[in-house]
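Below is one structure; the comments refer to it alone.
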Amino acid sequence: MRVDIVSIFPEYFAPLDLSLIGRAREQGLLRLAVHDLRSWTHDVHRTVDDTPYGGGPGMVMRPEPWGAALDALAPDELAPDGLTLPRLLVPSPAGVPFSQAMAHELAAESHLLFACGRYEGIDQRVLDHAATRLRVTEVSLGDYVLFGGEVAVLVILEAVTRLLPGVLGNAGSLDDESHAHGLLEAPMYTKPASWRGHEVPEVLRSGDHGRIARWRRDEALTRTATRRADLITALPPESLDKRDVAT
Ligand code: 6GU
């Protein structure tokens, strides 16, 4: 997968050299480049923002540097099949909610482009123009406001990279995790069996794989019901087994 990030703070992305994302890059599973938006400015002050039309507080990112950046990173040449248009992602608290389902969708793309806005956002015409030749998605991490899109891109890229084939050693760990089946994951334990007066639940030490699976499923259901009732409501009824609904 190819990933390009455009930001006025390229230094934010230093952590992408580390850990599993760093290794995915070394292995060539992820071809990632970070670009400074100001390299597409031409004035002596390298200006990227201006006051909003219509008034109001704050500044808005001017369209010209963004237009030049997107022209350079997603040239107009369409693949013959027309299916490999790059996907432009614009982090914004006004976007559609990011989710594990979207992470899977993005992990199947061949080219992701991230446009990090700051201030009150990017001039809307940048997105409107980009939409004439790219697939554009404004995406939000949740109902709170960050200074800019940089941290959101780190989050989204981490969620996507771990789904790329070859990145996780044990692909089985993708199967059980929170959100994989629309439920939160059951609690996990390791040695020692007793620690500061807290015991590992007996069932997990029983060796009875049927009982263990049942216990984990019940814990996942209870956790999800208490912490995220919205996820229970969204479960397809056929995903519940007989013992899930037994009284
Ligand atoms: Cl994706 N960007 C910004 N700037 N703020 C956010 C967000 C994204 N998601 C939640 N708040």
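Within region 108-143, can you find the residues that are among the charged types (D, E, K, R), closer than 20 Å to Val34 by Cβ and within 16 Å of the ligand (Cβ to nearest atom)?
Arg118
Could you check how many residues of region 97-107 are over 12 Å from Gly142 (Cβ atoms), touching a helix residue (DSSP H, G or I) at 6+ places or on another chain (Cβ under 8 Å) and within 14 Å of the ligand (Cβ to nearest atom)? Lay out the reasoning, then the answer.
Pass one, region 97-107, residues over 12 Å from Gly142 (Cβ atoms): 100-107.
Right, trim to touching a helix residue (DSSP H, G or I) at 6+ places or on another chain (Cβ under 8 Å) and you get 100, 103, 106-107.
When the remaining residues are screened for being within 14 Å of the ligand (Cβ to nearest atom), the result is 103, 106.
The qualifying residues number 2.
Can you work out which of the residues in region 190-229 that are surrounded by 13 or more Cβ atoms within 10 Å (Cβ to Cβ) and either within 23 Å of Arg162 (Cβ to Cβ) or in the same structural domain as Gln100 (by TED's automatic domain parsing) (or both) is farthest from the chain's Cα centre (by Cα)?
This residue is Arg216.
Which condition number in (1) under 19 Å from Val155 (Cβ atoms); (2) within 16 Å of the ligand (Cβ to nearest atom); (3) loosely packed, with under 15 Cβ neighbours inside 10 Å is the one that Leu20 fails?
Answer for Leu20: the failing condition is (2).
The values are calculated or read from the model by the stated rules, or taken from the named source; none is laboratory data. All figures in this text were calculated on a predicted structure; none of them were measured in a lab. Counting neighbours? That spans all protein chains shown, and the Cβs are built from the backbone with ideal geometry, glycine included.
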